[in-house]
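I have placed the structure first, in the form of structure tokens, so that the comments after it can refer back to it.
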Amino acid sequence: MPLGPPIGFHYQGYDTAYGSIGDSAEDAVRGTNDSAVESRCSAVNLGYFKDDYVKFFTRRTNERRPPIINRGSYARFMGFDIFINKFLEAGDMNKQIVVLGAGSDTKYFNLKQENKQPFKFFEIDFPQITFKKIQTIKRNKQISNLIGDYEINNGNTELYGKDYYIISEDLKFFTTKVVEKLKQHGFDINLPTMFLSECVMIYMDPMDSDAIVKWISDNVPTAMILAYEQILPNDAFGQMMIKNLKARNIELKGIDAYPDLEDQKKRYLSRGWDQAYAININYFFNSHIDPSEYHRQMLIEIFDEIEEWKLIAQHYCFAWAFNTKNEVYKNIFNDIKFPTYSLSIPKNALPKKMGSKDDNMDVDN
């Protein structure tokens, strides 16, 4: 098994592993939003999944990413899509979704288009990010008409609709500032609530991200969280990943605190959550996508980066947890899990067996 990235392999386009260098580390982190949108747009254009709104948030609408990047965008989309839909279908009651570090996220628009949006949908990000998003919304009737009536406030950095809210704030002030803003706009701690974090808490000082995790556990009795993050910083590939990021002024502040799947689960269990799970993306891709859907995406473009894909996918994970302290909704999360399939696929479509302890994936699902 290779001890690091293959010779000549670069992280161009793989989400947070690239981005322009700004005036500060925070500028560099914010810059990853644009790169992620471009990667998502590439996957959408090729037909990996549907998103009618991502094209409005990038100027590079026709830029095609390498197949390995498109597969990464697809796997990430599928994981969140499966859980969001299961959450919204669980029980007949009002629900809320809170997206931490939403960036140019389009989930609300796609849900609203299908009339599946929750009772309240909140997004939180830096003012610089929310300002750009609101300007995009104002410019495009297809989006603004979908939202309906809304008010813009706080220097064009916040938007308040009937069921959709954009809040501008640094997440390190979650307990002191963000919570109050959420409550001002109808956030109800007693409603079943889903929190989403896509490569967000990994950039935060663990003390700040832990404060968010702890606050939710203590104050939202019926809650779940789904996070997508990098893991395994200590092997050769992980060290190279971190080195490449640092060269772009990007630091994964949380990766050493939660370096593997077991630590990802402990992050929640040690802060009062009732259940916690974690799987790497390689396992998710091969075990939790419907076989017909798996075959469909395999036919979209030629994919011969098998070894590289397995290596990268083992260094990203989904981690999720449930808080079930309200007896009224105690069973609401019972069916929220990734379905497991036994795929019948051509042998040459799967990664080759590698003689490494990484093949014994730490899975709790």
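The values are calculated or read from the model by the stated rules, or taken from the named source; none is laboratory data. These figures come from a predicted structure and were not determined experimentally. Here Cβ is always computed from backbone atoms with ideal geometry, including for glycine, and neighbour counts include all displayed protein chains. Areas reflect the complete protein model, heavy atoms only, side chains present, ligands, DNA and RNA absent. Shrake-Rupley method; radii C 1.70, N 1.55, O 1.52, S 1.80 Å.
Here the Gaussian network model covers the chain, with springs between Cα atoms less than 10 Å apart; of ALA278, ALA43, ALA25, ALA25 fluctuates the most. Relative to the longest principal axis of the Cα atoms of the chain, the long axis of helix 236-247 lies at roughly 50 degrees. Note on ASN115 and THR61: their simple-model spin labels are 2.8 nm apart, each label 7 Å out from Cα toward Cβ.
A cut-off of 5 Å between modelled amide H atoms, ignoring neighbours fewer than 5 places along the same chain, links GLU123 with VAL99, TYR165, ILE166, ILE167. Charged side chains reduced to their Cβ positions (Lys and Arg at +1, Asp and Glu at -1) give the range 94-138 a dipole of some 120 debye around its Cα centre. Charges were assigned to the Cβ only: +1 to each Lys and Arg, -1 to each Asp and Glu. The resulting dipole of the chain about its Cα centre is roughly 620 debye. Quick one: pull the percent of accessible area on the chain belonging to carbon and sulfur, 1.4 Å probe, ligands and nucleic acids left out. Exposed carbon and sulfur together represent 48 percent of the surface. Taking ILE167, ILE137, ILE306 in turn, the Gaussian network model of the chain (Cα-Cα springs below 10 Å) assigns the largest fluctuation to ILE306. Rounded, prolate or oblate: which one fits the range 254-314, using the alpha carbon gyration tensor with axes a ≥ b ≥ c (rounded when a/c is under 1.5, else prolate when a/b beats b/c, else oblate)? Note, shape of the range 254-314 comes out oblate.
Per residue, the chain reaches -11500 deg cm²/dmol at 222 nm when only DSSP H runs of four or more residues are counted, each adding -39500 (n - 2.57).
If one takes the longest principal axis of the Cα atoms in the chain, at what angle in degrees, from 0 to 90 and to the nearest 10, does the Cα axis of helix 206-219 lie? Tilt relative to the chain: about 50 degrees.
Projecting the Cα positions of TYR341, TYR228, GLY155 onto the charge dipole of the chain (unit charges on Cβ atoms of Lys, Arg, Asp and Glu, taken about the Cα centre) puts GLY155 furthest along the positive direction. Label sites at ASP290 and THR340, each approximated as a point 7 angstrom past Cα along Cα to Cβ, lie 2.0 nm apart.
When only alpha carbons are used to place a centre, the range 312-330 and the range 210-278 end up 12 Å from one another. Would you mind telling me which residue in GLY186, GLY148, GLY47 has the biggest mean-square fluctuation in a Gaussian network model of the chain, where springs connect alpha carbons within a distance under 10 angstrom? Highest fluctuation among the options: GLY148. Does the range 175-251 classify as rounded, prolate or oblate by the C-alpha gyration tensor (a ≥ b ≥ c root eigenvalues; a/c under 1.5 gives rounded; else a/b over b/c gives prolate, otherwise oblate)? Judged from the Cα gyration tensor, the range 175-251 comes out prolate (a/c at least 1.5, a/b above b/c). Applying 0.36 nm per residue to the separation of LYS141 and ASP52 and subtracting their alpha-carbon distance, the gain on full extension is 30.7 nm. Once the mean of 1/r is taken over each pair of separate Cα atoms and inverted, the chain shows a Kirkwood hydrodynamic radius of 20.9 Å.
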